[in-house]
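Below you'll find the structure, written out as structure tokens, and then a few comments.
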Amino acid sequence: MTIIDLTIAKQHLRVEGADDDAIIEVYLGAAEEAASSFMGRLIYPDEAAIPTDSTGVAITFAIKAAVLLTLGHLYANRENVVIGTSSSRLPFGALSLLEPYRIGLGV
């Protein structure tokens, strides 16, 4: 189960219809897992859902935006290698949005 609703994900991707729902759900789950892994904490739907012994974080607009940015990348680039395109990293992309919530960086 994902934290972000499939309807919101499809709006972000500008997808109508249900033809790509299954793959969008896979990419959405992967994007949420990537965000959770980068932050070093689990993502919960709200503060009340976070267990008392957890370092989890309730989803925020920044976390949601980061997940949607990653989802968009996965949906648009369905292969490991993209040929014939030019790209650049967004200065305020997904990692920048997640950075304030990151824990356990070590020494």
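The values are calculated or read from the model by the stated rules, or taken from the named source; none is laboratory data. Everything numeric in this text was worked out from a predicted model, so none of it was measured. Every residue, glycine among them, receives a Cβ derived from its backbone with ideal geometry; neighbour counts consider all protein chains shown. Just so you know, the surface numbers come from the protein's heavy atoms only, side chains and all, with ligands and any DNA or RNA stripped out. Shrake-Rupley method; radii C 1.70, N 1.55, O 1.52, S 1.80 Å.
The table that follows gives values for the structure above.
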{"quantity": "Matching residues, region 10-35, being closer than 19 Å to Glu99 by Cα and in contact with a helix residue (DSSP H, G or I) (Cβ under 9 Å, 6 or more places away or on another chain)", "calculated": "Ala30, Ala31, Glu32, Ala34, Ala35"}
{"quantity": "Scan of region 39-70 for residues that are assigned to a loop (DSSP other than H, G, I, E, B), open to solvent by less than 60 Å² (accessible area, probe 1.4 Å) and within 13 Å of Thr2 (Cα to Cα), ordered by number", "calculated": "Ile59"}
{"quantity": "Hits in region 10-38 (condition: open to solvent by less than 30 Å² (accessible area, probe 1.4 Å) and among the polar types (S, T, N, Q))", "calculated": "Ser36"}
{"quantity": "Hits in region 11-47 - residues which are out of contact with any Ser or Thr (no Cβ under 7 Å at 6 or more places or on another chain) and among the β-branched types (Val, Ile, Thr)", "calculated": "Val15, Ile23, Ile24, Val26"}
{"quantity": "Qualifying position, being at pLDDT 95 or above, among the β-branched types (Val, Ile, Thr) and farther than 25 Å from Tyr101 by Cα, among Thr60, Thr85, Thr7", "calculated": "Thr7"}
